[in-house]
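Structure first, commentary second.
The values are calculated or read from the model by the stated rules, or taken from the named source; none is laboratory data. As the structure is a prediction and not an experimental result, all values here were calculated from the model. Cβ placement follows ideal geometry from the backbone for every residue including glycine, while neighbour counts extend to all protein chains displayed.
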């Protein structure tokens, strides 16, 4: 199991994913084993971060991560303290080379976010606002499987959920606010393109 001086950092989460990818392929169960019994929010963050990486271009990944984020966000919304996932998600395997590529690609942006996080606008990370954000994280991924064959389209949704989860994980409401601004911007662009 991974241990780090700063367990509330993105790069600690990336370290855990990289450590889990030591063999030829990796299952979600292997990644979870790196972190032990933790809160659900870091797992939502991990999953959504993968969609911002080149891994989102692998067929089936967007749908798998959508199901994972929905299940995790719903559990967090209902206040589950212990992480539960169905066996088919826990046993889903991926080539470790894909995961290592994704981790390498995410290192620099994650280091930037780690350096620029703090205890800001904390009212957005607790109480009713936390519940509203988790509800948004539960609903938003429902459309990702429809974008499966549009290259990297789900990355926008993944990036938005990552902002929400990072804000909740670090109790930095600025990132939650940026998540809502991102969601509104993407919705506005989609409306202009479609209509």
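The helices (runs of 4 or more DSSP H) found wholly in segment 1-109 and carrying at least 3 residues that are under 15 Å from the mean Cα position of the chain (by Cα), modelled with pLDDT of 85 or more and under 24 Å from residue 135 (Cα atoms) occupy 41-52, 61-77.
For segment 92-149, filtering for residues that are touching a strand residue (DSSP E or B) at 6+ places or on another chain (Cβ under 6 Å) and under 18 Å from residue 42 (Cα atoms) leaves 1. Out of (1) surrounded by 16 or more Cβ atoms within 10 Å (Cβ to Cβ); (2) part of a helix (DSSP H, G or I), the odd one out for residue 112 is which? If we test residue 112 against (1) surrounded by 16 or more Cβ atoms within 10 Å (Cβ to Cβ); (2) part of a helix (DSSP H, G or I), just (1) comes out false.
For the residues 130, 120, 171, 100, the requirement of being at positive phi and touching a helix residue (DSSP H, G or I) at 6+ places or on another chain (Cβ under 7 Å) singles out 171.
For first residues located in segment 9-21 and farther than 15 Å from residue 114 by Cβ, partners that are modelled with pLDDT of 80 or more and surrounded by fewer than 20 Cβ atoms within 10 Å (Cβ to Cβ) and lie 6+ apart or on another chain with Cβ distances below 6 Å form the pairs 21/96; 21/100.
So which residues in segment 115-124 are part of a helix (DSSP H, G or I) and in contact (Cβ under 8 Å) with a residue 12 or more places away in the chain, if there are any at all?
Taking segment 115-124 first, the residues part of a helix (DSSP H, G or I) are 115, 122-124.
Correct list: 122, 123, 124.
Once segment 118-128 is narrowed to residues that are closer than 13 Å to residue 165 by Cα and surrounded by 16 or more Cβ atoms within 10 Å (Cβ to Cβ), the residue that is nearest to the chain's Cα centre (by Cα) is 125.
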